[in-house]
Every structure is written in structure tokens, then in C-alpha cells.
């Protein structure tokens, strides 16, 4: 089983880097393409100022050796206005051949894959060192989630299938794998899975109503606009926005639902004399503590992602009402609030389902698998 999880995670880890590697020698068309290169020499450096501004950009003339693509092995002169580089730096570039037959080269971005790969390896080692078997299970569920998103969700969305329906279905598969692989095949997992899916469906319906009410178009970002051009305007961008909300909720809802069910199970085990209503109340008290921390985490995560945007709008003399009303800001507010609502709904729902469907475990000792749940999720909260 351990070898299976390690193999699964390794495959999912290598897939993105293999995809990147394949792109190195692929032409966009006969007149343009991408390549990798290494800086051989800095020919010159200057600073160019923007009109009517004190802000400038450093521009370098560099000599670089192309290491992949149709021009592999050639040394070319390139103007770099992306970010200052030094000799030995590796980067991605683009080339285009004009109608006159001249080939132009440009710097696209730094080569970041080695740093990303090193970070992923560090992440895996820390998870395995601290989590042991449970960490291995978590990596296995993460691997399946990555595979499902890359090979099922994204292709279906690009083919124009209904984003919300597809995301709920694929999300259910991802959630099932995450809960079952991480926490085992037992009633705690099934109740947690059921309550999470119900919360996702309710939140999805609410999200559709809110986006329609607030006139969200899904074109708040430049990426959405570019994607719309690349796909001929055939995608449902409001649905894609809703899909992003659903995906963002899944991991957090999984955690809180499993916690609530585990707390109820342990209360039943140690409190054979406690009424069901009291068990519900005690477990709900634990959930309230958990929700307050998770909602704060969720909000801070969204703010962190949108921090450059917040700084941009805060740097000038802007109208606060107009800023909040803009779709790019409104989208993040809607995303944050709906994610938080999904969290709040999951607590009483998962607690109630656990109280109802685990009542026959009253006074029964925890199984070994259930002890893992209780000690990792709810033991410290039960009094």
C-alpha cells in the first residue's frame, strides 16, 4: 500500500514537469515558437523611463545560447526588459519570424522549474517525516486530486461542458478519494463525505443566485479575457467562476466535516449516559471554535492572493465605493463569503448526521481506525 501511494504521488508530481518539457520543442505555428536559453554575456544595460513618470525599467542587451527548440545550439542577441539577469541565468523565450523573413527573439520569463521541484521535494519529505503513514495517505489523496483536476476537470471544462455540474461531480470524486484514502473506509468517512457534498451543492446553488444578482460576468481577470479569445468565446465564464469557488472550498470542508464526525463518535464512546441533544450541543461547541479559526484562515488566504490588487487600488486617489463595486473586487468578496458560508453550514450538518447515524455506537470503544480520527481531529476538544 505504501509503494502504491508513493508511486501515485510521484506520477502526479512528474506530470506537470513533463508537460513543460514537452513544450520546449513545440511550435506555436510555422512562424513562432518558444525555447529555453542560457545567458552567455551581458552586452549592455540601460534604464528606460516611462512617459510622464519617474518610474523606469532596466533593459539589457544580452547574448544567449538557445538550449531547446528549432534554434537549439545557436547563440543570439536578445533585448531583455523582463527582469535583470546575470551570466549563467536560464530563461524561457519566444521567437517569431516576420513576413520579411527576419526572426526576432524575446525573453519571456526566468526558468523556475528547478526551484519548484526542490520545494515540492521538501514538502513531501516534511509530510512523510511528520505524518508517517497518515502523511503517506495524505500524499496519495493529493496525487489523485491532481490527476483528477489535470486529466478530467480541465479537459471537460475546455470542451465546454457545464462548469458547475462537472466541478461538483469531479469534486465529489476528489473528495471521496481524499477522505477514504486519508481516513479509511468507515462510517466516519462516509458521513463526512455525505455532509460535505450536501454543503457543496447548497453553496453552489447559493453561488449561482448571488452571481446572477450581482451581475458577475467572469471576466474580472486578464487571464479570463485571453482564454475567451483562445477558445473562440465558447466557454461559460460565470460557470468557471462558480467552479473556482467550489474547488476552493473542498479541502477546508473535508477537514471540518471529518473533525465534527470524529468528535461525535468519541462522545458516544465515552458518554453512554449523555442524551443525543447534549452530544449535538457539545460537538457543535467544538465546531464553533474550529469554524472561527478556519474562516479567518480562508479570508486571510484570499486577501494574501489579492494583496497586489489591494495595494494597487489603495495606492492612488480612488473612490472606495467604486473600487468595491468593480467586478474584480466583488468577485473576491463573493468568493470569500460563500466559502465561509459553506464552512458554517457544514458544521451543524455534519454534526447532526453523525449524531443520527452513529447512535448505535453509544458506549462502544473506538476501533483502531477511529482512534486515528479522534486523536488527529477531535480528541483534544472533547471534555
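FYI, it's all coordinate maths here, none of it is from the lab. Remember, predicted model here, so these are calculated numbers, not experimental data. Ideal geometry is used to build each Cβ from the backbone, glycine not excepted, and the neighbour counts take in all protein chains shown.
So here's what we get for this one:
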{"quantity": "R0 of 22 Å, Cβ-Cβ distance residue 94-residue 223: FRET efficiency to nearest 0.05", "calculated": "0.75"}
{"quantity": "Label-point separation in nm, residue 103 to residue 315, each point 7 Å along Cα→Cβ", "calculated": "3.8"}
{"quantity": "Shape box of the range 257-300 [Cα atoms, principal axes, largest first, Å]", "calculated": "41, 16, 11"}
{"quantity": "FRET efficiency, 1/(1 + (r/R0)^6) with R0 30 Å, evaluated for residue 202 and residue 277 via beta carbons", "calculated": "0.80"}
{"quantity": "Length gained when the stretch residue 120-residue 285 is fully extended (0.36 nm per residue, less Cα-Cα span)", "calculated": "55.7 nm"}
{"quantity": "Segment residue 41-residue 209, length gained on full extension (0.36 nm per residue, minus Cα span)", "calculated": "54.7 nm"}
{"quantity": "Mean Cβ neighbour count within 10 Å, used as a protection proxy, ranking 68-75, 236-243 highest first", "calculated": "236-243, 68-75"}
{"quantity": "For the range 152-229 and the range 275-333, distance of Cα centres in Å", "calculated": "19"}
{"quantity": "Förster radius 30 Å - calculated FRET efficiency between residue 111 and residue 48, Cβ distance, rounded to 0.05", "calculated": "0.75"}
{"quantity": "Residue 83 paired with residue 301, simple spin-label distance in nm, labels 7 Å along Cα-to-beta-carbon", "calculated": "2.5"}
